[in-house]
Amino acid sequence: QRDDARRLWSRLDPESSERLLQARNLALTPEALHDLYRQTAGHPLFLELVDAATAVDAADVHKYLEEELFSRITDVEAKVLTVASVFRYPVHVDALYVDESVDPATIRGLTEQSLLQEVSARVYDVHDVVRAFFLSMTTPRDRHRYHRWAAQFYVSRMNADPLEALHHFTEAEEVTSAVRVAVKEGRAILANGRSEELLR
């Protein structure tokens, strides 16, 4: 179910990406196109942002996209995308309300900008490129804080996901909490056929 939800995310294949760039009069060599596709993962928004100069110099694409992305969003939007990026899978919108500065208009705005994707009713995901951007920009302290938030979110849900809680407690370096989840829920996780994930 999670994999199906992630496949709903808008992602262009190499041929469609090339057609989009050609429609913008950006003619690239096969090598440049390959590098650009690799760095944008076929995200239409990022392909729209790239100009001719940066498209040719693939080494600058990541920096260019980063600058373009951060120039068009607010601090609160950046916070929401950071929180969303910490989750490994699509997550209920409640998980994105990390503090009082986030409101429904923030979520709607990010969805309209194609930076958040509603993969099912009130369940959101971020593109892998967005996730990589925001995780790379997060300080270790904030990363631990948001992983702690994610773990508590999974623990507090009516249909709790102990494996995801365990993952996030581990990433937050909350060892005692992680051990408690493992001891309490380990057998149930194994019974669900997720032994490899649990061992990782």
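What to note about this one:
- Subset of the range 77-112 [part of a helix (DSSP H, G or I) and within 10 Å of the chain's Cα centre (by Cα)]: L81, T82, V83, A84, S85, V86
- Boolean, A182 is surrounded by fewer than 16 Cβ atoms within 10 Å (Cβ to Cβ) and farther than 30 Å from Y37 by Cα: no
- Flag for Y37 being modelled with pLDDT under 95, open to solvent by 30 Å² or more (accessible area, probe 1.4 Å) and aromatic (F, W, Y): yes
- Note on the range 113-124: residues that are buried (at least 20 other Cβ atoms within 10 Å of the Cβ) and either at pLDDT 95 or above or more than 12 Å from the chain's Cα centre (by Cα) (or both) amount to 1.
- Test: L26 is touching a Leu at 6+ places or on another chain (Cβ under 6 Å) and either over 25 Å from A150 (Cα atoms) or at pLDDT below 85 (or both): no
- Residue-level analysis places S177 among those that are in contact with a helix residue (DSSP H, G or I) (Cβ under 6 Å, 6 or more places away or on another chain), more than 17 Å from R88 (Cα to Cα) and either surrounded by fewer than 19 Cβ atoms within 10 Å (Cβ to Cβ) or hydroxyl-bearing (S, T, Y) (or both).
For (1) surrounded by 20 or more Cβ atoms within 10 Å (Cβ to Cβ); (2) modelled with pLDDT of 95 or more; (3) within 22 Å of E68 (Cβ to Cβ), each residue gets a yes or a no:
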position: L96; (1), (2), (3): yes, yes, no
position: R108; (1), (2), (3): no, yes, yes
position: D142; (1), (2), (3): no, yes, no
position: A151; (1), (2), (3): yes, yes, no
position: R157; (1), (2), (3): no, no, no
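- Sole residue being open to solvent by less than 70 Å² (accessible area, probe 1.4 Å), under 24 Å from F70 (Cα atoms) and at pLDDT 95 or above, chosen from H147, H92, H127, H168: H147
- Test result for A84, buried (at least 21 other Cβ atoms within 10 Å of the Cβ), hydrophobic (A, V, I, L, M, F, W, C), out of contact with any strand residue (DSSP E or B) (no Cβ under 6 Å at 6 or more places or on another chain) and modelled with pLDDT of 95 or more: yes
- On inspection, E196 passes the criterion of being among the charged types (D, E, K, R), at pLDDT below 95, farther than 25 Å from H43 by Cα and surrounded by fewer than 13 Cβ atoms within 10 Å (Cβ to Cβ).
- Of L163, L115, L198, all but one fail to be in a loop (DSSP other than H, G, I, E, B) and among the hydrophobic types (A, V, I, L, M, F, W, C); the exception is L115.
The values are calculated or read from the model by the stated rules, or taken from the named source; none is laboratory data. All values derive from a computational prediction rather than experimental measurement. All Cβ positions, glycine included, derive from the backbone under ideal geometry; neighbour counts span all protein chains shown. The protein model used for the area step is the full one, side chains on, heavy atoms only, and it has no ligands, DNA or RNA in it. Shrake-Rupley method; radii C 1.70, N 1.55, O 1.52, S 1.80 Å.
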